[in-house]
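Below is one structure, written out as structure tokens; the observations come after it.
We did not get these values from a lab; they are worked out from the coordinates using the rules stated. Bear in mind that the values here come from a model prediction, so they are computed numbers and not experimental data. For neighbour counting, all protein chains shown are included, and Cβ atoms are generated from backbone atoms with ideal geometry for every residue, glycine included.
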Amino acid sequence: MFNSLSDRLSATFKNLRGKGRLSEADIDGTAREIRRALLDADVAVPVVREFIAKVKARALGSEVAQALNPGQQVVKIVNEELVGILGGQTRELAFAKNPPTVIMLAGLQGAGKTTLAGKLAHHLKNQGHTPMLIACDLQRPNAVTQLQVGGKRAGVPVYAPHPGVSSEFEAATGDPVQVATDGLAEARNKLHDVIIIDTAGRLGVDAELMRQAADIKAAVGAHETLFVIDAMIGQDAVTTAQAFNEGVDFTGVVLTKLDGDARGGAALSVASVTGKPVMYASTGEGLKDFEVFHPDRMARRILDMGDILSLVEQAEANWDRGEAEKMAKKFADQEDFTLDDFLGQMQQLKKMGSMKKLLGMMPGAQGMRQQLEQFDESSIGRVEAIIYSMTPYERNVPKVINGSRRARIAKGSGVHVSEVNQLLERFTQAQKMMKKMAGGGGMPQMPGGGG
Ligand code: GDP
């Protein structure tokens, strides 16, 4: 996510570090570097111009001159101004006083609307809402079925026009405005408190598409219209966003495909150019690859200052309290830490999502990107396979696993015997650590996923 921008900015700030005083030339040089980095990342020119002007004015002023550590003060200014570009405050959905709250998704074809609909429904459901999805993309073949699949994964009902009509080769038929109003009536009947309407996109902005989206919006009285945009589309992001802003007057932005390696900077311009806040980010194809967008946290990530808050939230959302308590009790009772426990901890970690993504939120993560890239997510799956190939007794008392059993286990789990050895070694270390900690009463360290 914004990797090259992040690298460039970090390199720029490195030059300032430790300088007792910053001359005007230092600040000019830094501003020039930042400007180039932003432009290379595809941030829109007017946005860059305004940003640099603000940073420079502040950097030349007294807050830096009087700072104990001027270099750090400049980073602080850049951080604050970046938060501003990204929309300032975190903006939550505004729920209607009289439910259902109507949320409509708009954007180009392929932006990720249908995928997002499922994720957003899942997110709202986890917050205690009772969402329903409405399939109004009757243009793209398969869109209705895709939404139905997404709804099923999220455990949320989908209102669709003619179930089964849409196929890979043929779009569903019907009038999207009618489907939207029928869907709203159904949601009222069934007491859903929020509906999410997926609408059709086109490959490019066109008048007919815009009219259809505006008609649906008017017919259902949408409370929130979210403009969904692919962060990888480059400089076109600004013109597309402007067209949709005029066409449907959206209330918030969702950035998708932030997991990609694209420069992504154009997406950073959207909030600035349209004056509408970025509300969510989509970072993959899975249901959990979804985040509430916090401008301050995103700025910290871009500046490689880490995003511990998001990390903790991810952990809280996915951590199984029952399991954690069981482990804590085992500790307190000084029971042996077994391979089953080890496996349980691994599976807890896995539930939190991609390790790469989690580790990427740590401060200084950009500096260890290469190691992160090499992290092998499948290693957790292999560890599972290895442990499952052991007998229950072996899992409880791993020291009985001798050479020939190791070979059998390797064969049974389809890995090389060296992986079994490595796992047992890591486990022994973890077990030692647990013993030590049990004395101290703290929480165990995570059994690293290897890689
Ligand atoms: P729509 O036409 O706007 O409804 O777009 P879709 O939801 O069908 O998404 C288009 C493609 O992008 C699909 O292949 C999705 O799986 C993929 N996609 C959507 N969101 C993301 C994301 O955040 N990251 C990645 N890598 N792919 C995504």
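For VAL205, what charge total do you get from the other residues with a beta carbon under 13 Å from its beta carbon, if Lys and Arg give +1 and Asp and Glu give -1?
Once positives and negatives cancel, what remains is -2.
Two decimals, Cα atoms only, Kirkwood Rh: what is Rg/Rh over segment 48-113?
1.26
Give me LYS113, LYS217, LYS436, LYS76 ranked fewest to most by other Cβ atoms within 10 Å of their Cβ, as a rough exposure proxy.
The order, fewest Cβ neighbours first, is LYS436, LYS76, LYS217, LYS113.
Step by step: find N for segment 101-303, compute 2.2 N^0.38 Å, then divide the Cα radius of gyration by it. What's the final number?
Segment 101-303 yields a ratio of 0.95.
Please report the relative contact order for the chain, taking Cα pairs under 8 Å with a sequence separation of at least 6, and give it as a percent rounded to a whole number.
Averaging sequence separation for qualifying contacts and normalising by length gives 16 percent for the chain.
In vacuo Debye scattering of segment 3-85, one point per C-alpha: log10 I(q)/I(0) at q = 0.26 Å⁻¹?
-1.43
Among residues other than ASP336 whose Cβ falls under 15 Å from its Cβ, what is the net charge (Lys/Arg +1, Asp/Glu -1)?
Residues close to ASP336 contribute a combined charge of +3.
Along the Cα-to-C-beta direction of LYS351, a point sits 7 Å from the Cα; which residues of segment 108-131 have their amide N less than 19 Å from that point?
So the set is 122-128.
Calculate, in nm to one decimal, what ALA11 and GLN66 gain on full extension: separation in residues at 0.36 nm each, minus their alpha carbon distance.
17.4 nm
Would you mind ranking LYS411, LYS288, LYS357 so that the residue whose beta carbon has the fewest other beta carbons within 10 Å leads the list?
Sorted ascending by nearby Cβ count, the order is LYS411, LYS288, LYS357.
Where does the chain land at 222 nm, in deg cm²/dmol rounded to the nearest 500, when only DSSP H runs of n ≥ 4 count, each adding -39500 (n - 2.57), divided by all residues?
-17000 deg cm²/dmol
Using the Karplus equation 6.51 cos²θ - 1.76 cosθ + 1.60 (θ = phi - 60°), what ³J(HN,Hα) coupling, rounded to whole Hz, does each residue of segment 376-390 give in order, writing x for Gly and Pro?
9, 4, 6, 4, 5, x, 5, 4, 4, 4, 4, 5, 5, 7, 8
What is the set of long-range amide H partners of VAL278 at a cut-off below 5 Å, with H atoms built 1.01 Å from backbone N?
Residues meeting the amide H criterion: VAL253.
Figure the gain on full extension for GLU313 and ASP193 (residue separation times 0.36 nm, minus the Cα-Cα span) and round it to one decimal in nm.
Net length gain for the segment: 40.7 nm.
On average, how much area does the Cα convex hull of the chain cover when viewed from any direction, in nm²?
26.2 nm²
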